[in-house]
Amino acid sequence: MSEPGEQHNLPIVEGGAGASRGENTRAVHAPRPPAPAQPPLGLPTYRTAAFRFDTAEDYADVLGDRSSGYSYSRVDNPTADAFALGLASLEAHGVDRPVAAQAFASGMAAISTVLLTLGGVGKHVVAPAAVYGGTFGVLRHVLARFGVDATFVDGTDNDAVRAAIRPETAVVWAETIANPTTAVADLPAIAAICREAGVPFVVDSTFASPVVCRPLQWGANLVVHSATKYLGGHSDATGGAVVGDVDLVAHVRKARIDLGGGLAPDEAFLLHRGLATLPLRVARHCATARAVAEALAEHPRVARLDYPGLASHPQHALAGKLFDSGPEGTRYGAIVTVTPEGDRDTGLALCNALRVAEVATSLGGVHTVVSHVASTTHRQLDDAALAAAGIGPASVRISIGLEDPDDLIRDLSAALDALG
Ligand SMILES: *Cc1c(COP(=O)(O)O)cnc(C)c1O
């Protein structure tokens with residue numbers, strides 16, 4: 001015999017339940033427990049494409065934006081919104097205006113949606129020459145076909161940015177930390193130029209994350225992220241986000257709904273979970289990166305080492321001003337680009353000699369990964385174009401993971417020693 005109360009949470013159906021309905025109807029309309037009165041500590045994954053309404057009028061009101069609510073997951077999904085809200089609260093720190101956010105299926109879904117929202121026939125975009133390859137592709141190969149012109153300038157040259165702005169300029173684009181040179185954009189100076197010209201300023205802050213730098217604080221109107229990198233942080237989920245001024249993000253949301261690049265609930269769950277440890281992870285990534293950069297800069301085989309935390313970096317002082325710090329010191333990011341003396345084969349040999357760091361694409365995850373720049377992310381550039389971009393034929397980009405710093409320093413030093 002069960003004690004009173006033992007049946008509280010026991011799933012029970014009445015005897016003869018549903019006898020008036022056929023087995024298929026009972027299977028499809030299977031009973032569910034009521035929504036728990038106790039909010040779950042973990043984030044529920046709303047793995048549903050559609051939401052049910054009590055009345056046809058409620059459905060019409062939500063779809064017509066007359067009342068808030070969920071209708072269809074391409075339009076809005078609560079798990080995706082939880083990720084967007086979590087990121088907004090990190091990016092909004094130190095920002096004295098409301099901040100809105102939208103979650104996307106990838107960084108490129110976020111970036112293309114922003115550009116399609118702000119661009120249009122006859123419009124113009126100013127972007128850094130070293131802009132992420134996917135963003136370059138959208139500007140050069142997609143938007144160009146729809147009448148949007150783009151000018152690519154040295155993103156660290158504020159006068160060049162100012163000079164490139166035209167009356168029809170609809171976006172000035174920047175990246176907080178450039179790939180793979182780690183050049184740092186002067187966000188407040190570019191923001192002032194954009195304010196004066198009345199042009200929205202959009203910053204891809206993927207390489208920094210809000211733990212290193214929050215561009216909204218320095219005057220950006222929108223921040224975009226590949227959440228695939230630091231925000232998720234474990235190389236197991238793909239996503240993107242747009243964060244910033246409420247009116248602009250509202251326009252971006254409309255375009256997202258129509259273009260269909262929203263974030264799926266399962267990915268949103270993983271990316272939201274990543275946010276919980278983002279400050280701990282990124283602080284550690286940065287501290288290890290600084291130790292690795294300082295050690296490798298001394299290595300006799302290294303011709304050049306790019307890391308904003310080194311005094312030799314051209315924007316070291318600017319980074320010190322724009323980047324956050326914690327008990328471990330200033331966070332200068334965790335991308336280190338090492339250029340040994342030598343040719344393309346030297347860079348490939350360096351990658352192949354590593355035993356802890358792995359050869360893989362992407363960045364910002366727990367594993368330390370390396371890319372030989374000339375044969376991967378910048379494969380379209382010849383040696384002269386590489387040199388103009390500050391990249392050597394042997395340059396290797398390292399995304400510093402969460403391994404023990406000494407193991408990484410030993411691994412990278414041994415691989416450099418092995419170059420002979
Ligand atoms: C990876 C990356 C992107 C693209 O993000 P996906 O999630 O791969 O679509 C955009 N910008 C930067 C700086 C990136 O590193």
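Peptides 90-96, 291-297: what's the order by average Cβ count within 10 Å, highest mean first?
Highest to lowest by the protection proxy: 291-297, 90-96.
Highest first, please rank the peptides 364-370, 10-16 by the mean number of other Cβ atoms sitting within 10 Å of their residues.
Ranking the peptides 364-370, 10-16 by packing returns 364-370, 10-16.
Residue-wise, which Karplus ³J(HN,Hα) couplings in Hz belong to the stretch 49-54, taking 6.51 cos²θ - 1.76 cosθ + 1.60, θ = phi - 60°, and x for glycine or proline?
Karplus values, whole Hz, x for Gly and Pro: 7, 9, 10, 9, 10, 6.
How long are the semi-axes of the ellipsoid equivalent to the stretch 54-132, from square roots of 5 times the Cα gyration tensor eigenvalues, in whole Å, largest first?
Gyration-tensor ellipsoid for the stretch 54-132: 30, 19, 13 Å.
Please report the relative contact order for the stretch 60-273, taking Cα pairs under 8 Å with a sequence separation of at least 6, and give it as a percent rounded to a whole number.
After rounding, I find 29 percent.
With a cap of 14 neighbouring Cβ atoms within 10 Å, and only residues DSSP puts in a loop, list the GluC sites (Glu not before Pro) found in the stretch 154-227.
Glu168
Once you have the alpha carbon radius of gyration of the stretch 223-313, what is it after dividing by 2.2 N^0.38 Å, with N set to its residue count?
Rg over 2.2 N^0.38 Å, computed on Cα atoms: 1.48.
Which of the trypsin sites (Lys or Arg not before Pro) found in the stretch 347-420 are in a DSSP loop and have at most 16 neighbouring Cβ atoms, other than their own, within 10 Å?
Arg355, Arg379
For the peptides 52-63, 120-131, what is the packing order when you average, over each peptide's residues, the other Cβ atoms within 10 Å and list the highest mean first?
Ranking the peptides 52-63, 120-131 by packing returns 120-131, 52-63.
Report the full-extension gain for the segment Asp149 to His316: residue separation times 0.36 nm, less the Cα-Cα distance, to one decimal in nm.
Gain on stretching Asp149 to His316: 56.8 nm.
At a threshold of 8 angstrom on Cα-Cα distance, excluding pairs fewer than six apart, so keeping six or more, what relative contact order does the stretch 33-139 reach in percent?
Answer for the stretch 33-139 is 16 percent.
Extension gain Gln7-Asp247, at 0.36 nm per residue separation less the Cα-Cα distance, in nm?
Gain on extension, Gln7 to Asp247, equals 81.3 nm.
Using only alpha carbon pairs under 8 Å that are at least six residues apart, calculate the relative contact order of the chain and give it in whole percent.
15 percent.
How far apart, in nm, are the 7 Å Cα→Cβ label points at Arg26 and Arg410?
Taking the two extended label points, one gets 6.5 nm.
Output the antiparallel fraction of DSSP beta bridges having both residues in the chain, as a percent to the nearest 5.
60 percent
Could you tell me how far the Cα centroid of the stretch 158-213 sits from the Cα centroid of the stretch 227-259, in Å?
The stretch 227-259 and the stretch 158-213 have Cα centres spaced 18 Å from each other.
Among Thr376, Pro210, Ala56, pick out the residue whose Cα is farthest towards the positive end of the charge dipole of the chain, where Lys and Arg carry +1 and Asp and Glu carry -1 on C-beta, about the Cα centre.
Toward the positive end, the furthest listed residue is Ala56.
Determine ³J(HN,Hα), in whole Hz, for all residues of the stretch 242-249 in sequence, where each value follows from phi through the Karplus function 6.51 cos²θ - 1.76 cosθ + 1.60 and θ = phi - 60°; x replaces Gly and Pro.
Ordered by residue, 3J(HN,Hα) equals 10, 9, x, 4, 4, 5, 5, 5 Hz.
If amide H atoms are built 1.01 Å from N in the plane of the peptide, which residues on other chains or at least 5 residues away come under 5 Å of the amide H of Asp157?
Placed amide hydrogens put nothing under 5 Å from Asp157.
Tell me, how many Å apart are the Cα centres for the stretch 86-102 and for the stretch 262-303?
When both Cα centres are located, 21 Å separates them.
Give, in nm to one decimal, the length gained when the segment between Ala163 and Arg355 is fully stretched (0.36 nm per residue of separation minus the Cα-Cα distance).
64.4 nm
Rounded to the nearest 0.05, what FRET efficiency do Ala49 and Asp343 have when you use their Cβ-Cβ distance and R0 = 51 Å?
Taking R0 as 51 Å, the efficiency between Ala49 and Asp343 is 0.45.
Restricting everything to alpha-carbon atoms, can you work out Rg to Rh for the stretch 262-364 with a Kirkwood hydrodynamic radius?
1.04
How do Ser325, Ser413 stack up against each other in accessible area, from largest to smallest, with a 1.4 angstrom probe?
Largest to smallest exposure gives the sequence Ser325, Ser413.
Once the Cα atoms of helix 78-91 and of the chain are each reduced to a long axis, what angle between those two axes, in degrees from 0 to 90 to the nearest 10, is obtained?
The angle comes out near 40 degrees.
If you average the C-alpha positions of the stretch 368-420 and of the stretch 136-151 separately, how far apart do those two centres end up, in angstrom?
After rounding, the separation between the Cα centres reads 30 Å.
In whole Å, largest first, what are the principal axis extents of the Cα atoms in the stretch 156-264?
The Cα atoms of the stretch 156-264 stretch 41, 34, 21 Å along their principal axes.
So how compact is the chain: Cα radius of gyration and Dmax in angstrom?
Reported Rg and Dmax, both Å: 24.7, 84.
Whenever you get a sec, compute what percent of the accessible area on the chain sits on carbon and sulfur atoms (1.4 Å probe).
Of all accessible area on the chain, carbon and sulfur atoms account for 54 percent.
From the Cα trace of the stretch 318-382, what convex hull volume per residue do you get, rounded to a whole Å³?
142 Å³
Can you give the Rg to Rh ratio for the stretch 331-420, taking only C-alpha atoms and Rh from Kirkwood?
Radius of gyration over Kirkwood radius for the stretch 331-420 works out to 0.96.
The values are calculated or read from the model by the stated rules, or taken from the named source; none is laboratory data. This structure is a prediction, so every number in the text was calculated from the model and none was measured. Cβ coordinates were reconstructed from backbone atoms using ideal geometry, including for glycine residues, and neighbour counts include every protein chain displayed. Surface accessibility is based on the protein's heavy atoms, side chains included, excluding ligands, DNA and RNA. Shrake-Rupley method; radii C 1.70, N 1.55, O 1.52, S 1.80 Å.
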